[in-house]
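The values are calculated or read from the model by the stated rules, or taken from the named source; none is laboratory data. This structure is a prediction, so every number in the text was calculated from the model and none was measured. Because the Cβ atoms are built from the backbone with ideal geometry, glycine has one as well, and the counts that use them run over all protein chains shown.
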Amino acid sequence: MESKEKRFIIIDSNSIIHRAFHALPPLTTKKGELVNATYGFLLVFFKIIRELQPEFVAAVFDYPGSTFRHKKFKEYKATRPPVPKELYQQIPQIKEILKLFRVPIFEKEGFEADDIIGTIASLAPKKQIIPKIENVILSGDLDTLQLINPQTKVYALRKGVKDTVLYDEKRVSEKYQGLKPGQLDDFRALRGDPSDNIPGVKGIGEKTAINLLKEFGSLEQLFKELEIESQKATKIKLKTRELLIQQKEQAFLSKALAEIERNVPFDFKLKDCHWGEFNKEKIIDILEKFEFQTLIKRLPEMKKPEPKNLMGENLRLW
């Protein structure tokens, strides 16, 4: 009996929109409507559909307002500059197009898109009878790398909206000098993350954080051994030990901020995410509305994929 695998693209929409908005010049329609983020988002969307030919697609958005992380740490993401209103004004355009492509949209009050993505990536394999499914998270940043496992990869934008890289466990290990995806929340807990204003342990840099995690495995094990003054713990430089002990509470707060939630309560049905059943004429109409003639020519590339044989030589991209 032939075994088949299904590929599921989960779009980290806000990160793609932000990247597109800042990467492209302020494109406008003849009516003066700004569409650079919308156009850039669709360039990436068309690219990943063409290259990966998924059977399932979903789009995830940040819900406006504060999240459970702000309750833990009110300064979370406080250092970020305000998002231009011109960017926010294009989000309804993108949602309208996604709905016409029949791509389901997920968002949840109090949570970030990453939390919804983490939950979907965990749920998807459980919601079907097919033995194999691969999640591919499309993102404009690297926060979701911690979700990578044998069933989940991250397709990330590297520069602009055209330069992309597909991360699996091996590529994460290469980038972070031997760390595993599951250690990246611990890594951010120690090193901190200025982009999200996650404090980390002041005085602990990237190299030290990596070395500590390679030696101890996790934040919890590191502090457990510091507490009992194990032989391994006493080999840590005195200054580093002092920093860790003094900032233990801050380190665990930072991990709570960095760790992606994977049990967000919301209604998810994999069958709702089937790709390829859109109305071509309606898509052409809306692309013409935004004057995206180049994308109209690429619509044939957005067809429903052919079934793939797991033994076929062209199946795996990683």
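Only one of the numbered conditions (1) assigned to a loop (DSSP other than H, G, I, E, B); (2) closer than 12 Å to Ile11 by Cβ is violated by Phe41, and that is (1). Pairing residues of region 158-184 that are at negative phi with residues that are among the hydroxyl-bearing types (Ser, Thr, Tyr) and not in a loop (DSSP other than H, G, I, E, B), at Cβ distances under 8 Å and at least 6 apart in sequence or on separate chains, gives Arg158/Thr164; Thr164/Tyr155; Val165/Tyr155; Leu166/Tyr155; Tyr167/Tyr155; Lys175/Tyr167; Leu179/Ser173; Lys180/Ser173. The sole residue among Tyr155, Tyr76 that is aromatic (Phe, Trp, Tyr), modelled with pLDDT of 95 or more and over 30 Å from Phe252 (Cβ atoms) is Tyr155. The numbered conditions (1) of a type in the set (Gly, Ala, Ser); (2) in the same structural domain as Cys273 (by TED's automatic domain parsing); (3) under 30 Å from Leu24 (Cβ atoms) are all true for Ser122 except (3).
Residue by residue, here is whether (1) under 30 Å from Lys108 (Cα atoms); (2) within 23 Å of the chain's Cα centre (by Cα) holds:
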{"position": "Ile210", "(1), (2)": "no, yes"}
{"position": "Lys224", "(1), (2)": "no, no"}
{"position": "Lys235", "(1), (2)": "no, no"}
{"position": "Gln250", "(1), (2)": "yes, no"}
{"position": "Glu261", "(1), (2)": "yes, yes"}
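Yes/no matrix, rows are residues, columns are (1) part of a helix (DSSP H, G or I); (2) at positive phi; (3) surrounded by 16 or more Cβ atoms within 10 Å (Cβ to Cβ); (4) of a type outside the set (Gly, Ala, Ser):
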{"position": "Ser195", "(1), (2), (3), (4)": "no, no, no, no"}
{"position": "Lys202", "(1), (2), (3), (4)": "no, no, no, yes"}
{"position": "Ala209", "(1), (2), (3), (4)": "yes, no, yes, no"}
{"position": "Leu213", "(1), (2), (3), (4)": "yes, no, yes, yes"}
{"position": "Ala233", "(1), (2), (3), (4)": "yes, no, yes, no"}
{"position": "Ile245", "(1), (2), (3), (4)": "yes, no, no, yes"}
{"position": "Glu249", "(1), (2), (3), (4)": "yes, no, no, yes"}
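Could you list all residues from region 64-86 that are buried (at least 18 other Cβ atoms within 10 Å of the Cβ) and not in a loop (DSSP other than H, G, I, E, B)? Correct list: Arg69 only.
Taken together, the criteria place Glu277 among residues that are in the same structural domain as Pro54 (by TED's automatic domain parsing) and either assigned to a helix (DSSP H, G or I) or over 24 Å from the mean Cα position of the chain (by Cα) (or both). Applying the condition of being touching a residue at least 40 places away in the same chain (Cβ under 8 Å) and charged (D, E, K, R) to region 87-124 and asking which residue is surrounded by the fewest Cβ atoms within 10 Å (Cβ to Cβ) yields Glu109. Counting only residues that are in contact with an Asp or Glu (Cβ under 8 Å, 6 or more places away or on another chain), within 15 Å of Asn135 (Cα to Cα) and not aliphatic (A, V, I, L, M), region 152-180 holds 2 of them.
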